[in-house]
1. Any residue in the stretch 129-151 that's under 18 Å from Gly200 (Cβ atoms) and free of Cβ contacts under 8 Å to residues at least 40 places away in the same chain: show its pairings with residues that are more than 16 Å from ligand 2 (Cβ to nearest atom) and among the β-branched types (Val, Ile, Thr) at Cβ separation under 9 Å, as long as the two are six or more apart or on different chains.
2. Please work out if Lys246 is at pLDDT 95 or above and either in contact with a Leu (Cβ under 9 Å, 6 or more places away or on another chain) or over 24 Å from Tyr357 (Cβ atoms) (or both).
3. Residues Gly214, Gly263, Gly250, Gly236: which one is within 16 Å of ligand 2 (Cβ to nearest atom), buried (at least 20 other Cβ atoms within 10 Å of the Cβ) and in contact (Cβ under 8 Å) with a residue 40 or more places away in the chain?
4. Pick from the stretch 314-333 the residues that are touching a helix residue (DSSP H, G or I) at 6+ places or on another chain (Cβ under 9 Å) and aliphatic (A, V, I, L, M): which of them is nearest to ligand 2 (Cβ to nearest atom)?
5. Restricting attention to the stretch 303-316, does a residue exist that is touching a strand residue (DSSP E or B) at 6+ places or on another chain (Cβ under 9 Å), in contact (Cβ under 8 Å) with a residue 60 or more places away in the chain, within 21 Å of Ile255 (Cα to Cα) and of a type in the set (A, V, I, L, M, F, W, C)?
6. Being surrounded by fewer than 24 Cβ atoms within 10 Å (Cβ to Cβ), more than 16 Å from ligand 2 (Cβ to nearest atom), among the aliphatic types (A, V, I, L, M) and within 24 Å of Gly214 (Cα to Cα) is the requirement here; does Leu132 meet it?
7. Any residue in the stretch 117-125 that is touching a Cys at 6+ places or on another chain (Cβ under 9 Å), among the aliphatic types (A, V, I, L, M), more than 16 Å from ligand 1 (Cβ to nearest atom) and touching a residue at least 12 places away in the same chain (Cβ under 8 Å)?
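The values are calculated or read from the model by the stated rules, or taken from the named source; none is laboratory data. This one's a predicted model, so the numbers in the text were calculated from it and none came from an experiment. A quick note on method: Cβ atoms are made from the backbone with ideal geometry, for glycine too, and the neighbour counts reach across all protein chains shown.
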Amino acid sequence: MQYYTLLLALFVLSFAGFKPASEPATSAPEGKNIGKKAPLNIIFMVGDGMGLTQITAGLYSNGNKLSLEKMKHIGFIKTHSADKLITDSAAGATAFSCGVKTYNNAVGVDKDTVAKETIMEAAKKKGLRTGLVVTCTVTHATPGSFYAHQKTRKMHPEIALDILGGDVDWFIGGGKAFFENRADGRNLSDELRGMGYTIGYTLADLKADMDKAGVLAADTELVTMAQGRGDFLLKGSELAIQGLNKGNQGFFLLIEGSQIDWGGHAKSSQYIIDEMIDFDNTIGKVLEFAEKDGNTLVIVTADHETGGYSINGGNLQEKTVEGAFTTGHHTATMVPVFAFGPGAEEFMGIYENTAIYTKMMALLGLK
Ligand code: MG
Ligand code: ZN
């Protein structure tokens, strides 16, 4: 009898301490009315070539923590292009920007080379402000696919011309040579100035109150973190957010950790880790803004994985990983999607990379 009394007491006690499973143990701030309203702004962040292993290598090398961990809504995308199981960055970015599966090398065009309106162009048309911040040239495959329409990613001078379309209010990255040292003799920086842009060569040349602005911080791509790029991506992103976040118009901003991919191509764990941590520091700064703002959806994903990267050893205390590579090219593995802010729950699950476009367009009321 005593035994059953004890059991009953335990039973009652366990219910006294019971909390509904749906109530999170700690309430992470995720916007003022998560799930109840659409975002005013979207900050879309692409870690080029950033698979799970790249993230993991950055995590352990950074003392077992990343800002990315604040993003609780997580999904996976299938990255294949129209013609290949393994995508390149142009087809990958065009899936995000136009919602179509296209051939590798295509920039903002479908598989029949027909130009498709990008989310940036649609946003601009609806009165939102637009921008991009990258550590490659602003004419590179990933950023280019958001404002340009060209048959191949190699056409940097033509992609640069497409910026004159005026659909990018703020752009920050490298690529000065494609604007100012051209075979056609044109100086696109001067032409942009004629259109009301301030074009500078360092972040210090820009002020947050500028309506249209560009920084071309290098002739081609920016140097690597190891070569001393410093906090260019973080500071550039901060500045672009200030520059775009005006008058409650809403904005769409692309931020790319462009060189995580190049670490994979170089089969260099250290290159990947340096670039991954730089990208994550930028994510941390962006989330600080989004948390305070409450109207901004932040999405972090990748176009594909690079390197067939794996971690075959390492040491948690020493913050080291032993990386290994199966290839110097991209792979077909699914890549993760992390979301934070109003609408973040839409990004859970497993879906095609083109669905990122569909979800973002719907959330911004553009389609
Ligand atoms: Mg890229
Ligand atoms: Zn690549």
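1. Thr139/Ile159; Thr139/Ile163
2. no
3. Working: Gly214 fails: within 16 Å of ligand 2 (Cβ to nearest atom); Gly250 fails: within 16 Å of ligand 2 (Cβ to nearest atom); Gly236 fails: within 16 Å of ligand 2 (Cβ to nearest atom).
Criteria check complete, one pass: Gly263.
4. Ala324
5. No: zero hits.
6. Working: surrounded by fewer than 24 Cβ atoms within 10 Å (Cβ to Cβ): no; more than 16 Å from ligand 2 (Cβ to nearest atom): yes; among the aliphatic types (A, V, I, L, M): yes; within 24 Å of Gly214 (Cα to Cα): yes.
So Leu132 does not fit the description; no.
7. yes
Yes/no matrix, rows are residues, columns are (1) among the basic types (Lys, Arg); (2) within 15 Å of ligand 2 (Cβ to nearest atom); (3) buried (at least 23 other Cβ atoms within 10 Å of the Cβ); (4) in a strand (DSSP E or B):
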| position | (1), (2), (3), (4) |
| --- | --- |
| Gln270 | no, no, no, no |
| Asp274 | no, no, no, no |
| Ile277 | no, no, no, no |
| Thr282 | no, no, yes, no |
| Glu291 | no, no, no, no |
| Val298 | no, no, yes, yes |
| Gly308 | no, yes, no, no |
| Asn312 | no, no, no, yes |
